[in-house]
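Read the structure below first, then the notes.
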Amino acid sequence: MKLNEKILYYRRRAKLSQEELAAMVGVSRQAVSKWELGDATPEVDRLLALARAFGVTTDELLDGGEPSHDRKEAEAPREEPHRTAAPDSPQEGNFEKTTGLIGRLIRKYGWLAGVRIALSGLGVTLVGVLAQWGFGAMFGASESIVSGFGGMGGVQFSPGTSPEIQQAVLEQLGLAPASPSFGGIESFFLGFATVILLIGIVTMAAGAALAVYLYQKGNKKP
């Protein structure tokens, strides 16, 4: 390769324009153009400046052979790229098959999770109903016991005596039944049972809605 061809080659490899190379070497753009066309030959000091601009030696510029960069590429052995795992390796294929199977099972049978949530909500609802019934029965029986105990004063009334007269006589004797004081406690326990009941109903409704949604999504035709 001639000197003018090497100047053109190295300038393009360095991605320099003729103006930029001329500024680096200290000549005009026309001088660089003449060098590349072979109409003129750079002086010795310009050769040194060209070599520094291209990052090569003067010997490489004046050598009639191929540029050093091309020689190194031709002589360098080609290395096979290091592969960590082929895209179609058996391990990766098995992993993709497994994840795909799990995804299909979730899409097809995921609605069973909604059914399970709905059943849990049903159980909580039953607990709330039983709690309301149990607390109501307990406090109702307690009031009856207290009222009956208050009326036991050893006073016997004839069968035809009206309840109003019996109450008035017991009050005069100081034996009137004390009014039960379960109001606050009863309200607390019955309110607690109502909260449990509401939580169960909401959970049951949410689970049923989720089950219907997942079932429709999993069985939708593509």
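For the stretch 45-62, indicate whether the set of residues that are buried (at least 17 other Cβ atoms within 10 Å of the Cβ), among the acidic types (Asp, Glu) and at pLDDT 85 or above is non-empty.
Looking for residues that are buried (at least 17 other Cβ atoms within 10 Å of the Cβ), among the acidic types (Asp, Glu) and at pLDDT 85 or above, one finds none in the stretch 45-62, hence no.
How many residues are of a type outside the set (S, T, N, Q) and more than 19 Å from LEU48 (Cβ to Cβ) if we restrict to the stretch 12-36?
Qualifying residue count, the stretch 12-36: 4.
Name the residues in the stretch 1-47 that are under 56 Å from the mean Cα position of the chain (by Cα) and in a loop (DSSP other than H, G, I, E, B), would you?
Once the filter is applied, which keeps residues that are under 56 Å from the mean Cα position of the chain (by Cα) and in a loop (DSSP other than H, G, I, E, B), the stretch 1-47 yields ALA14, LYS15, LEU16, SER17.
Take the residues of the stretch 109-127 that are over 13 Å from LEU210 (Cα atoms) and either in contact with a Phe, Trp or Tyr (Cβ under 9 Å, 6 or more places away or on another chain) or polar (S, T, N, Q) (or both): which is modelled with the highest pLDDT?
Here the answer is THR125.
Within the set of pairs 6+ apart or on separate chains, which have a first residue in the stretch 30-59 that is on the phi < 0 side of the Ramachandran plot, a second that is charged (D, E, K, R) and assigned to a loop (DSSP other than H, G, I, E, B), and C-beta atoms under 8 Å apart?
Listed by first residue and then by second, the contacts come to nothing, as the list is empty.
The values are calculated or read from the model by the stated rules, or taken from the named source; none is laboratory data. A quick note: this is a predicted structure, and the numbers were derived from the prediction, not measured. Using ideal geometry, Cβ is built from the backbone for each residue, glycine included, and neighbour counts are taken over all protein chains shown.
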